[in-house]
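Written out below as structure tokens is the structure these notes cover.
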Amino acid sequence: MPASEDWEAMARDWRPKAEPDTPSRPPQPAEDRAMVVEAQRLLTALGYAPGPIDGIAGRRTRAAVRAFQAANGLPADGRITDPLLQRMRQRLVLR
């Protein structure tokens, strides 16, 4: 077993391993991105704040989807589906 001075030196000299440059989540297929863009546009028009309209279902987009779902009596799971987009379109028309 190393002496305490050895442990102290190892701790002092330790550096985390460099992580590879990889996105935090895998890229979305084009049709999914198109659905997310539409949802972001609809949410913005309906007064929700999904963040930038960039086709990425990030934290703010999912929170806005959950808020819309909860306000409309839907299960608030934050998932963007075709029926959800249809409901958003209907709400926008009714405004």
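The values are calculated or read from the model by the stated rules, or taken from the named source; none is laboratory data. Note that the coordinates shown come from a computational prediction; the quantities given were computed from them, not determined experimentally. Don't worry about glycine lacking a Cβ; one is built from the backbone with ideal geometry, like all the others, and counts go over all protein chains shown.
Restricting attention to the range 37-61, the residues that are touching a helix residue (DSSP H, G or I) at 6+ places or on another chain (Cβ under 7 Å), over 15 Å from Arg89 (Cβ atoms) and crowded, with 16+ Cβ neighbours inside 10 Å add up to 6. Suppose we filter Ala64, Ala70 for residues that are exposed (fewer than 13 other Cβ atoms within 10 Å of the Cβ), assigned to a helix (DSSP H, G or I) and modelled with pLDDT of 75 or more; which single one remains? Going through Ala64, Ala70 in turn, the sole match is Ala70. Among the residues of the range 73-89, what is the count of those that are under 15 Å from Arg33 (Cα atoms), in a loop (DSSP other than H, G, I, E, B) and of a type in the set (A, V, I, L, M)? So the answer is 1.
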